[in-house]
Each structure stands twice: as structure tokens, then as C-alpha cells.
Amino acid sequence: QNHKEEGKGTMKKFLFCSCWGIIFLINFYLSNCYAYYAQEVNDNWETAIFVKSGDIITGQFETDGDKDVFKFIVIQAPGTLSIDFKPQKAAKIGANIRIKIFDSELNLVKTFPQIFNIPKDEEPESKIMKYNFLNKGLYYLQIESTVIASAWDTDSHYVLKISGENGLLLATEECHQLNLTGCVNEIDCEAAGGYWYLDKCHEKPCSKEAFFLCPDKENCATVGGYWSERLNACFQEDVVWNRNRNKL
């Protein structure tokens, strides 16, 4: 009889723990799902997501006026950039969407005239937009919504794909000679033709933050330094021996 009672008690404890375990897993799953749908990671220039030709990106609008920013590198021009954009059906309300291109200095290059007014009861179609590039370099693609559905409404997503045509080539890696800031280690930096110091990849062998790295007078002058012929080194200011300010 005692063994039976102990067995029942053990079973109750097992079922109790199992139920709580299942509840914990469900809450954990839901919290992660919410994080996936609700957290924005590319809503400014600094956190722009790098995309290459052929990438298929799924994005989501979170709030009214939400902006998603992507970046791409044109390594061969002239040519045509093709943007394949399809907004997913907004189940609750419509959405107006604006798409713009900016250069590496954040100057506006192109605003596409298509502003998609998506009725909530209609299935939106994929839109193809094209722009002819004349110059190589780093560019940003900004997608902005003016009206959106709830963040929990998974139908407020969109699908984006870009590709090069007519001779336009896009970089396959973020670390590139035209985008050295995308290099995160010394090996990749040097492979891209950059100079690694101060934990960053630079275009020149020295900078205003590192005068002492300038290898010659010419490089020293480009960063506003003073070259000492005697010490064969670059300094931030004129170096003097004494009150007469005789240069080294």
C-alpha cells in the first residue's frame, strides 16, 4: 500500500513538473517570436544591412514612419540596378511605401515615383524598379512606410531582391576596397587594400588619430601633420628644441 502511495506521489510530481516545463517552453518560444517580429535592427544608417545581388530579404514595418535601411556596393559601372519589391498583404489597414537611394555621403540619389497604396483587401503585386548607375561606390537603399498594420500582423512584411544588369556588378562581400569600414579584422582589411590600425580599417596608412604611423612626408602632409627630417617621423605639431623654435 505504501509503495502504491509513493508511486502516485511521484507521478503527480512528474506531471506537475512536466506541465510547468511545457509552459516555460511555450513562453520562451513566444518571447522569441515577438523578438523576431518586433525588434528593428536596420532602422538607421549605422545598422544598415548589407545585401548582394540575388539576396532575398524579408523585412517588416513596425510603426508609422518606420524606415528600413540596406546598403550595397557597386563595383562596376555604368549599369542598371534592378529592385524587385513585393509588399505582403496588410490584413488590417493599407500601406504607403516610399523607396529611395542615397550615396555614401547620404546625399539623395533617387526617389522612385511609385508610392504603393495597398488596400487591405487586395493582394499586392511585385514591383520592378530600375536605376542607371554611372559611378562605383557604397550606396544605401531606404524603404519607408507611412501607414502600417500592427507589429503582430505578420502580413505587414515585404520581400526585397536587388540585382545588377547591363554591366552593373555588385560586391559579394561587405569588406571591399570601396567600403573599408565593412572590414572587421586585419586580414580582410589588408586583402581589400586597406591599412589596419586602432582596431579599424583605414584607406590611408596614417590618420589624424595616428600621426606616428605616417611613413613619409607626403602622407604626413595629407593628414595635416608636421614632418621632422631629423627624426624621420610625423608629428601632430611643430617640434622644437628650444625657445628659438628651431625645427628638428
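A short reminder: the numbers here are calculations on the coordinates, not readings from a lab. Keep in mind that this is a model prediction, so the values were computed, not measured. Cβ sites come from the backbone with ideal geometry, for glycine too, and all protein chains shown count toward neighbours.
Once R0 is set to 35 Å, what does the formula 1/(1 + (r/R0)^6) return for the Cβ-Cβ distance between residue 135 and residue 197, expressed as a FRET efficiency to the nearest 0.05?
FRET efficiency, residue 135 to residue 197: 0.75.
Apply 1/(1 + (r/R0)^6) to the Cβ-Cβ distance of residue 125 and residue 55, taking R0 = 30 Å, and write down the FRET efficiency to the nearest 0.05.
0.90
With each pseudo-label sitting 7 Å past Cα toward Cβ, what's the residue 172-residue 104 distance in nm, one decimal?
Result: 2.2 nm between the two label points.
Calculate, in nm to one decimal, what residue 232 and residue 186 gain on full extension: separation in residues at 0.36 nm each, minus their alpha carbon distance.
So the chain would gain 13.9 nm between residue 232 and residue 186.
Check residue 50: other-chain or 5+ apart residues with amide H under 5 Å from its amide H, H built from backbone geometry?
Here 71 satisfy the definition.
Compute the distance in nm between two label points, each set 7 Å from the Cα along the Cα-to-Cβ direction, one at residue 144 and one at residue 80.
2.7
³J(HN,Hα) across region 132-141 via Karplus (A = 6.51, B = -1.76, C = 1.60, θ = phi - 60°), whole Hz, x for Gly/Pro?
8, 9, 9, 10, 6, x, 8, 9, 10, 10
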